[in-house]
Amino acid sequence: MKRFTLTALLALTPLPAVTHPHVYVDAGVHFLFDDNGKLAALRVFWSYDEFYSLLQLEELELDQDGDGTITVEEQEKLAGFDTNWVEGFEGDLYVTHNDDAVALGPPLEPGAALEDGRLLTWHIRPLLNRIEPSAGETIVKVYDPTFYSAYTLDHGVEVIDNPACSLAITAADLPKAYDAVESLLYGENSAQYDGDDSFPEVGELFADTVFLECASS
């Protein structure tokens, strides 16, 4: 049976007094390898919810006729609108190898399109040090620590041009995640979480876990 998407569960679950999230994103991740079979980069896709997409189109003055399509020139203007990051922002993408954090470079080759009323953007995050994926466990998660944005992996994950590798996904335990949020917001230490600015960093609790599994060459 198909599990509930995060958006569906939010609709069925009583939300805390401090409402989160505000933006819903269907994410996708492509695993990119070099000629030696080392993991070299990740191509990331973000498909935004219709309401957020509409707000961004209005702010950027795109699709002024409202026909749900944008021109090539408008696509070029749109590309990269969401990759002008403040210092310290991790890009809501987290990679570990053998439990060690993998350093990622800034976003490259941004692109964008408008599909069925939703903004779809993509970019590449290169690994600063490429890794041999068969030498240990590589894990990828997509999430916003603050849970302002809620991510699913509904845009899909895929290994590109490396038949030695496959992916396994462990879904987040959403009821457990909501129980944890409720405990933080209404438990004995709840006074420290008063308003959006102090909302606890619970985003990882809602993140699916992607395991990259590769045979030794």
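The values are calculated or read from the model by the stated rules, or taken from the named source; none is laboratory data. Keep in mind it's a predicted model, so treat the numbers as computed, not measured. So basically every Cβ, Gly included, is an ideal-geometry build from the backbone, and we count neighbours across all protein chains shown. Ligands, DNA and RNA are excluded from the accessible area calculation, which covers all protein heavy atoms including side chains. Shrake-Rupley method; radii C 1.70, N 1.55, O 1.52, S 1.80 Å.
Across the range 16-42, which residue is most open to solvent (accessible area, probe 1.4 Å) among those that are over 21 Å from H155 (Cα atoms), touching a helix residue (DSSP H, G or I) at 6+ places or on another chain (Cβ under 9 Å) and not polar (S, T, N, Q)?
Filtering the range 16-42 for residues that are over 21 Å from H155 (Cα atoms), touching a helix residue (DSSP H, G or I) at 6+ places or on another chain (Cβ under 9 Å) and not polar (S, T, N, Q), the one most open to solvent (accessible area, probe 1.4 Å) comes out as A17.
Condition first: open to solvent by less than 30 Å² (accessible area, probe 1.4 Å), under 14 Å from L212 (Cβ atoms) and not in a loop (DSSP other than H, G, I, E, B). Can you find one or more residues in the range 162-170 that meet it?
Looking for residues that are open to solvent by less than 30 Å² (accessible area, probe 1.4 Å), under 14 Å from L212 (Cβ atoms) and not in a loop (DSSP other than H, G, I, E, B), one finds at least one in the range 162-170, hence yes.
Quickly run through the range 135-153 and pick out the residues that are surrounded by fewer than 19 Cβ atoms within 10 Å (Cβ to Cβ) and of a type in the set (G, A, S).
A135, G136
Please find, within the range 43-56, the residue that is most open to solvent (accessible area, probe 1.4 Å) out of those that are in contact (Cβ under 8 Å) with a residue 40 or more places away in the chain and more than 12 Å from the chain's Cα centre (by Cα).
Ranking the candidates gives E50 first.
Listed here are the residues, each with its yes/no results for (1) open to solvent by less than 30 Å² (accessible area, probe 1.4 Å); (2) at pLDDT below 90; (3) in contact with a Lys or Arg (Cβ under 7 Å, 6 or more places away or on another chain).
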{"site": "G66", "(1), (2), (3)": "no, yes, no"}
{"site": "F81", "(1), (2), (3)": "no, no, no"}
{"site": "V86", "(1), (2), (3)": "no, no, no"}
{"site": "L93", "(1), (2), (3)": "yes, no, yes"}
{"site": "D99", "(1), (2), (3)": "no, no, no"}
{"site": "V102", "(1), (2), (3)": "yes, no, no"}
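Taking the range 50-78, which residues are within 17 Å of D116 (Cβ to Cβ) and among the aliphatic types (A, V, I, L, M)?
Of everything in the range 50-78, those that are within 17 Å of D116 (Cβ to Cβ) and among the aliphatic types (A, V, I, L, M) turn out to be L54, L55, L57, L62, I70, L78.
Evaluate the range 204-212: report whether one residue or more is charged (D, E, K, R), modelled with pLDDT of 90 or more and within 25 Å of K38 (Cβ to Cβ).
As a first pass, look at the range 204-212 and keep what is charged (D, E, K, R): 204, 208.
Retained after the next criterion (residues that are modelled with pLDDT of 90 or more): 204, 208.
Within this subset, residues satisfying the condition of being within 25 Å of K38 (Cβ to Cβ) are 208.
Scanning the range 204-212 turns up at least one residue that is charged (D, E, K, R), modelled with pLDDT of 90 or more and within 25 Å of K38 (Cβ to Cβ).
Mind counting the residues in the range 140-161 that are in a strand (DSSP E or B), of a type in the set (A, V, I, L, M, F, W, C) and touching a Phe, Trp or Tyr at 6+ places or on another chain (Cβ under 8 Å)? Give the derivation first.
Let us first name the residues in the range 140-161 that are in a strand (DSSP E or B), namely 140-142, 149-159.
Within this subset, residues satisfying the condition of being of a type in the set (A, V, I, L, M, F, W, C) are 140, 142, 150, 153, 157, 159.
Subsequent filtering for residues that are touching a Phe, Trp or Tyr at 6+ places or on another chain (Cβ under 8 Å) retains 140, 142, 150, 157, 159.
Here the count works out to 5.
Can you tell me which residue in the range 159-203 is nearest to P133 (Cα to Cα), limited to those that are among the hydroxyl-bearing types (S, T, Y) and at pLDDT 75 or above? Please lay out each step first, then the result.
Step one: of the range 159-203, the residues among the hydroxyl-bearing types (S, T, Y) are 166, 170, 178, 183, 186, 190, 193, 198.
Of the ones still in play, those that are also at pLDDT 75 or above are 166, 170, 178, 183.
Details: S166: 11, T170: 18, Y178: 33, S183: 38 Å.
Per the stated criteria, the residue is S166.
Filter the range 125-134 down to residues that are surrounded by fewer than 19 Cβ atoms within 10 Å (Cβ to Cβ) and in contact (Cβ under 8 Å) with a residue 60 or more places away in the chain, then give me how many there are.
5
Which of (1) over 18 Å from V29 (Cα atoms); (2) open to solvent by 40 Å² or more (accessible area, probe 1.4 Å); (3) in a loop (DSSP other than H, G, I, E, B) does K176 not meet, given it meets every other one?
Of everything listed in (1) over 18 Å from V29 (Cα atoms); (2) open to solvent by 40 Å² or more (accessible area, probe 1.4 Å); (3) in a loop (DSSP other than H, G, I, E, B), K176 misses just condition (3).
What's the number of the condition L114 fails, among (1) surrounded by 13 or more Cβ atoms within 10 Å (Cβ to Cβ); (2) in a strand (DSSP E or B); (3) out of contact with any helix residue (DSSP H, G or I) (no Cβ under 6 Å at 6 or more places or on another chain); (4) modelled with pLDDT of 95 or more?
(4)
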